[in-house]
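Notes follow once the structure below has been shown.
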Amino acid sequence: MVNCYNMTSTSQPIRPTSSAELQKQIRENYVGSRRPIHIRGGGTGASAGYLQDDPSAIVLTTTGLSRVIDYPKDDMTITIEAGLTIAELTGTLVRHRQQLPIDVPVPEQATIGGVVAANISGSRRFGYGTMRDYLIGIIAVDVQGQQFSAGGRVVKNVAGYDLCKLMIGSLGTLAVISQVTLKLKPVSESTGILWATFETLDDIDVVLETLLLSSARPVALDVLNARAAQTIVTGAELKQLPTEQPVLAITVDGLSAEVDWQLESLRKELAVFMPTVCLPIVNDDQRQKLQSAITQFSQQQSAVLALKANLPPSATLDWMAYADEEGLALLSHAGNGIVKGRFPVEPTEYSRAIEILGRLRAKARQYRGNVVVDTCPHTWRQKLPMFGDPEPSWSLMRKIKQQLDPDDLLNRGMFNEFRLPALRNSDGVTS
Amino acid sequence: MVSAEKQRELIRRFRAIVGEDGILTQPEDLAVYECDGYVIEKKTPDVVLFPTERDQIVAIVQACRELEVPYIPRGAGTSLAGGCLPVGGGVVIALTRMRKILEVNLRNRYAIVEPGCVNVHLTQHLAGSGFHYAPDPSSQGACTLGGNVATNSGGPHTLKYGVTVNHVLGLEVVLPNGSVVELGGVAEDAPGYDLTGLFVGSEGTFGICTKVMVRLTRDPAACRTMLGVFENVQDATHCISGIISAGIVPAALEMMDQGIVEALEAAFQFGFPLDAGAVLLIEVDGLEAAVDSEAQHIIEICNARGAREMRWAETAAERQLLWKCRKQAFGAIGRLSSSFCTQDGVVPRTKLPEILNFISECEKRHQLRIVNVFHAGDGNIHPILLFDERDETQIQHVLAASHEILQKCLDLGGSVTGEHGIGVEKLDFMPRLFSETDLAIMSDIRKVFNPDGLCSPNKMLPTAGACGMEEIPRDHPGRRAAL
Ligand SMILES: Cc1cc2nc3c(=O)[nH]c(=O)nc-3n(C[C@H](O)[C@H](O)[C@H](O)COP(=O)(O)OP(=O)(O)OC[C@H]3O[C@@H](n4cnc5c(N)ncnc54)[C@H](O)[C@@H]3O)c2cc1C
C-alpha cells in the first residue's frame, strides 16, 4: 500500500475491472511507451510511501477488481480479487464465523492486494502469524502483461516454487497481484485484553520473560510507551485507562470460560511484579475500540517520520527504552520483536532525522536487528537510507527484480536501495 | 556419468576437501545412494561425500562448478518423490554428518541447527523446556531438518500449527556460485523479499542449506486424543468435513482405513477394532479450560455422522502408543505387501468423500489393493498401492492407478502433492498444474539462484536446469512410463 499523495502523475489513473483488462492494459504499456506503473490499492499508505514523483508514471488502481471469486466456507478458504477491501472481506467472513486474523489499519480502504504486498501485520501476529501463514494461492500479472499463478486453492500444497511468499512484502515491485486465495480461521467466541502499567520498560521486560512460560496462551503481547499509550487511549476514547506509564497489553481469546480463566491467571502472574494498574477489558465494545486504536497506531498520517524496528524479542524493550529517550511514541509487538515508532512532532529537519536514525540503527544492530523507515517527508526519500545496512542477500533480491521487471517499471523507487545497482548492471556497468 | 579422467580429478579434489573418511567411490557403497524412498527409479552417483562443515560444502560446490559436474544435496533419503535421485550421476552431498544443534534460545523462541539434524532429535532435545518444534512428519525419527526445509514437510500436527515454512525464521545457504548467504534471520521481518519462504520447498534446486533457524512453539497445556470408529470410509470422511466446517481446528485429524488398521493391529496389538471400515485419530489441544468442551463438540459431530464408537486415550502412555501406531503405519505395511507405492495428493477437505470413493473404484478397476492412512484434516491423502515388484503388469497398474488418482485430485480443485514434493516423480504433472508462463517465471527464479543448473538438475520443473541445458535423459523414467 502506498501513500497516494506521493503519486503525482499527469494522466488519469487506470482502473481495470477484470483480469483480462488488467493484462491488456499492462501489455499495451509494455509493448508501447513502457511508462513506469504505480500500483495503488486502497491508497491507505499503511506502509512505505517510497514512490518517487514521476509525471510519466501511470497510476494503476486495483479497486475495480473486488469480486469474491469462490468462498467454499466448509473448506475454510476464500478466493478473492486483489482490490477487495479488508472491511468487505471481514464482512463476508464474519457471517460464517470465520476470519483472516491479520490486524489491518483503515480496513474500509485497505485492499487485500495491498495488505499482501506490504505484508501488513499487527498485534495478533504473536498468536496467529502473518500473511505468509494464510496466503495459499496467488494470481498476478507481470510487467509484460502476462498472468501467472502459484500455489492453489487447497490448504496444503508443495507443487512448484512458493511464489506466494515472494509476493508477500514485495511492495508491488515484482508484479501486480490480481487474485489471492486465503486459508481462514474460525472467529473465537470471546476476546479479552489485560491492560497493565509499570514504572519502567525494564520492569515489563522482566514480566515478558516470565510470561514465556505463562499458564495462559496470549495471542498478542504489546508494549506501549506512555506517548503511544496516550495516542491509543485517546483514539479508543477510553479515558479511564491510565497512560502515564509504559503499558503491557496482553490479548487472549477462545471460549468465554477460557478467556476468563486466562485473564485471571495472568492477573495473578503479573501481581508478583507489582503493576501500578492491572485492568481486564472484556466489554466487547471497549475491547474492540482498543484493538482498533492499537492497530491504527502505525497509520497516523500526522507522523513526520515513522519507523519499524525488527529485533530478537529479548532486545525489544531495551531498544524501546533507548528510542523512548529520542522522543518517539512506541508500540511493540514484543513477543515478535517488532517495534513501530513515530515522531509526533520532531524531527522536522533532515539532518537531525538522519542523526537519530543512525543512533537507532546502531542500537538495533547490536542485537542483530534493523530499523526500516515507514513514512518520511517526500523530499527526504531520495537520500535517506530506508532499509538499513545492505545484506548479502540483497544481491539475490536485485537479481529477482531484474528477472521479473528488468526495466524497473513496477513501483519504481519502492526498494530504492537495492534497485539502483541492479539497474546499473543491466546497463552493463558493474555495481 | 562423468568420464574416467574427470572422475579421477574429482576424487582427488574431494579427498583433499573431506578426507578419506568423507568419501565413497566404490560401486557397492554407491549403490545405497541410487534412490531414496521412491524406489521405482534408480541411478548410481559417481561419488558420495560427507562434509562435516559448511566450508567443505563451499569447496565441493566450487569444484563441481569448475569441473561442470552436477551435484545434489541429500539428507536422510526418506523423500518419496525421488528428490534425491542423482539424475545423470555426479556427486551426492550427504549432510548426515552435520547434525549438531547449534543453539537453543528459549527467550527468543528459536533454535539453530545444522541441516543433518534429525527432526526427532530436536524434539527430544527440547523435551521438558516447555517448547517444541512443531512440524512432525511421520518420518521424523529419520528425516533431517535440511530435508524438511527442502520439501516443506508437513505432519499430523501441521493441521493446527502449520507446515515447515511456517516455522522457519532463517537459513544459511551455500549458493550454487559457491557463496554463502544468510536468508531471513532470528529477528522476524527482515527487510526485502522473503527469500526464506521462497527457499523452503525448493527441493534442493536453489543451493544447499547449511543452517536452519527454526521458531519454537509453546507446548500445549493439555490435550485429548480420541479414536473415532466408523463402519465405513464414507462415514469417516463425511465426519471430517463436518468437523472442519463446524469451525473446529483440531491439533491433528488423521484417517486410517481397515487395511492399515489390520496391519497396525498385527504389529502393535493396540486393540484396534478389526471390523471397522475406518478410524479417525483426532487430537485437540489447548488450555485445560477448553479442551474438554472442544473434544465434546467433536464427539457430538462424530456421533451425528455415524461413528460406531468413540474411544479416549486414558493415559499418556496410551496416547503415545496411538501416535506410535500412526507414525509407524508405513512400516507396518510390510506385513501386507513386500512392495508399495505411497501417493501424495490434496483435495479441498469437503471433497474427501469423493476422492476416497474414486480410490476405491480405482482399486477395483486395476485389481490392486490400496490402503489409506493420511492427514485428513488438511485434505492431504496418502493412498498406498500394494504390489509385487516381480510382476510387471502389477507395476503398470500401480503407475496407472496413481496417475488417475492424482488427476482426480486436480479435477477436484486440488494438487498432486501436499508434502512429498515434485521430485522427479511428478515432473510431468507440472504442466497440468501450471501454465507456460507460470513455469517460465519459476524457471527465471531458479536461474537467479542456480544459473548453471548443476545443483539438483531435473527436479521440480520440467525443464532441465539452465537455459540451453538439455534435459538429462533418465535411465528408468519410472512414473513417466505410465503417462
Ligand atoms: C515412512 C515415511 C513417512 C513420511 N511421512 C511424511 C510426513 O508425514 N510428512 C512429510 O512431509 N513427508 C513425509 N515423508 C517424506 C520425507 O520424509 C520428507 O520429505 C522429509 O522431509 C525428507 O527429509 P530427508 O532428510 O529424508 O531428505 P531427503 O530425502 O534426503 O531429501 C529430500 C529433498 O531435499 C533435498 N535436500 C536434503 N537436504 C538438503 C539441504 N540441506 N539443502 C538443500 N536441499 C536438501 C534433497 O535434494 C531432496 O530433494 C515420509 C517418508 C517416509 C519414508
Counting helices only, and only those DSSP H runs with n ≥ 4, report the 222 nm mean residue ellipticity of chain B as the sum of -39,500 (n - 2.57) divided by its residues, in deg cm²/dmol to the nearest 500. -10000 deg cm²/dmol
Sparse-neighbourhood loop hits (GluC sites (Glu not before Pro), the range A:226-305; DSSP loop; Cβ within 10 Å at most 13 others) -> A:237, A:244
Residue-averaged beta-carbon neighbours from other chains (10 angstrom radius) around B:284-291: 5
Which one, B:395, A:104, B:370, projects farthest toward the positive side of the charge dipole computed for the protein assembly as shown from Cβ point charges (K/R +1, D/E -1)? A:104
Quick calc: nm separation of the 7 Å Cα→Cβ label points for residue B:316 and residue A:240 -> 4.4 nm
At a probe radius of 1.4 Å, figure out the A/B buried accessible area, summed over both chains, and give it in Å² to the nearest 100. 6500 Å²
Got a sec? Charge dipole of the range B:337-483, +1 on Cβ for Lys and Arg, -1 for Asp and Glu; which of B:456, B:409, B:356 is way out at the positive end? B:356
For a 32 Å ceiling on Cα separation, which of these pairs sit above it: A:289/B:351; A:165/B:408; B:408/B:459? A:289/B:351
Eigenvalues of the alpha-carbon gyration tensor of the range B:222-329, times 5 and square-rooted, give semi-axes in Å, largest first, of 21, 17, 10
Mind putting together the pair-distance distribution for the protein assembly as shown? All Cα pairs, 10 Å bins, whole percent per bin, short to long. 2, 12, 22, 25, 21, 12, 4, 1, 0
Of the GluC sites (Glu not before Pro) in the range A:48-133, those whose Cβ has at most 15 other Cβ within 10 Å and which sit in DSSP loop: A:108
Let me test this: with uniform point scatterers at the alpha carbons of the range A:347-403, what is the Debye-based log₁₀ I(q)/I(0) at q = 0.14, 0.19, 0.20, 0.23 1/Å? -0.47, -0.77, -0.83, -0.97
Which percent of the accessible area of the range B:101-218 is formed by carbon and sulfur heavy atoms (probe 1.4 angstrom)? 52 percent
Need one number: nm distance between label points at residue B:20 and residue B:440, each 7 Å from Cα along Cα→Cβ, rounded to one decimal. 5.5 nm
Shape verdict for the range B:337-483, please, from the Cα gyration tensor: rounded (a/c under 1.5), prolate (a/b greater than b/c) or oblate. oblate
Rounded to whole Å, give me the distance from the Cα center of the range A:77-106 to that of the range B:190-233. 25 Å
Give the Rg (one decimal place) followed by the Dmax (whole number) of chain B, computed from C-alpha coordinates and expressed in Å. 22.5, 71
Any chance you could run the full-extension gain for residue A:354 through residue A:94? It's 0.36 nm times the residue separation minus the Cα-Cα distance, nm to one decimal. 89.2 nm
Roll a 1.4 Å probe over the protein heavy atoms and report the accessible area of residue A:96 in Å², nearest 10. 80 Å²
In degrees rounded to 10, the 0-90 angle between helix A:284-296 Cα long axis and the longest Cα principal axis of chain A is 50 degrees
Using a 10 angstrom Cβ neighbour count of at most 15 plus a DSSP loop assignment to flag exposed GluC sites (Glu not before Pro), which longest range of chain B is free of such sites? B:69-230
How far apart, in nm, are the 7 Å Cα→Cβ label points at residue B:389 and residue B:309? 3.8 nm
From the Cα centre of the range B:24-40 to that of the range B:54-105, the distance in Å is 14 Å
I'd like the antiparallel share, as a percent to the nearest 5, of DSSP beta bridges with both residues in the protein assembly as shown. 90 percent
For chain A, share of DSSP beta bridges that run antiparallel, in % to the nearest 5: 90 percent
Using a/c under 1.5 as the rounded threshold, could you call the range B:101-218 rounded, prolate or oblate? The axes a ≥ b ≥ c are square roots of the C-alpha gyration tensor eigenvalues, and prolate needs a/b larger than b/c, oblate otherwise. prolate
One-quarter of the Cα convex hull surface for chain A, in nm²? 20.6 nm²
Let me spell out the model: positive unit charges on the Cβ of Lys and Arg, negative unit charges on the Cβ of Asp and Glu, origin at the Cα centre of the range A:32-180. What dipole size does that give, in debye rounded to 20? 180 debye
For the range B:313-324, in residue order, the Karplus 3J(HN,Hα) values (coefficients 6.51, -1.76, 1.60; θ = phi - 60°; whole Hz; Gly and Pro = x) are 7, 7, 10, 4, 5, 5, 4, 4, 5, 4, 5, 4
Quick one: go through the range A:157-193 and flag any residue whose amide nitrogen is under 17 Å from the point 7 Å out along the Cα-to-Cβ line of residue A:257. A:189-191
Need one value for B:155-165: mean number of C-beta atoms belonging to other chains within 10 Å of its residues' C-beta atoms. 2
Rh_Kirkwood(the range A:190-297) over Cα pairs, Å, one decimal, evaluates to 13.6 Å
Note the full-extension length gain between residue B:288 and residue B:105 as 0.36 nm times their separation in residues minus their Cα-Cα distance, in nm to one decimal. 63.2 nm
When the distances between all Cα atoms of the range A:300-389 are binned every 10 Å from zero, what whole-number percent does each bin get? 18, 57, 24, 2
Which order do peptides A:273-279, A:182-188 fall in by mean Cβ count within 10 Å, highest first? A:182-188, A:273-279
Rg ratio (alpha-carbon, reference 2.2 N^0.38 Å) - the range B:130-282: 1.29
Treating only Lys and Arg (+1) and Asp and Glu (-1) as charged, each at its beta carbon, one finds that chain B has a dipole about its Cα centre, in Debye to the nearest 20, of 460 debye
Looking at the square roots a ≥ b ≥ c of the eigenvalues of the Cα gyration tensor of the range B:183-227, which shape do they give, rounded for a/c under 1.5, prolate if a/b is larger than b/c, or oblate? prolate
Between helix B:233-245 and chain B, what is the angle of the helix's C-alpha long axis to the longest principal axis, kept within 0 to 90° and rounded to the nearest 10? 80 degrees
Residues of the range A:310-348 with amide nitrogen under 11 Å from the 7 Å Cα-to-Cβ point of residue A:206? none
Taking the Cα centre as origin and putting +1 on Lys and Arg beta-carbons and -1 on Asp and Glu beta-carbons, what dipole magnitude results for the protein assembly as shown, to the nearest 20 debye? 1300 debye
Relative to the first principal axis of the alpha-carbon coordinates of chain A, what is the inclination of helix A:416-426, with its axis defined by its Cα atoms, in degrees from 0 to 90 and to the nearest 10? 30 degrees
Note every residue of the range A:193-239 with a reduction of at least 50 square angstrom in accessible area, all protein chains present versus the isolated chain, computed with a 1.4 Å probe, or write none. A:212, A:213, A:217
Helix-only CD estimate at 222 nm, as mean residue ellipticity for chain A, using -39500 (n - 2.57) per DSSP H run (n ≥ 4): -9500 deg cm²/dmol
In a GNM of chain A with a 10 Å cut-off on Cα contacts, which of A:210, A:17, A:92 has the highest mean-square fluctuation? A:210
Roughly how crowded by other chains is peptide B:439-445, in terms of the mean Cβ count from those chains within 10 Å of each of its Cβ atoms? 6
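The values are calculated or read from the model by the stated rules, or taken from the named source; none is laboratory data. Source: prediction; values computed, not measured. Because the Cβ atoms are built from the backbone with ideal geometry, glycine has one as well, and the counts that use them run over all protein chains shown. Keep in mind that these areas ignore ligands, DNA and RNA; they rest on the heavy atoms of the full protein, side chains included. Shrake-Rupley method; radii C 1.70, N 1.55, O 1.52, S 1.80 Å.
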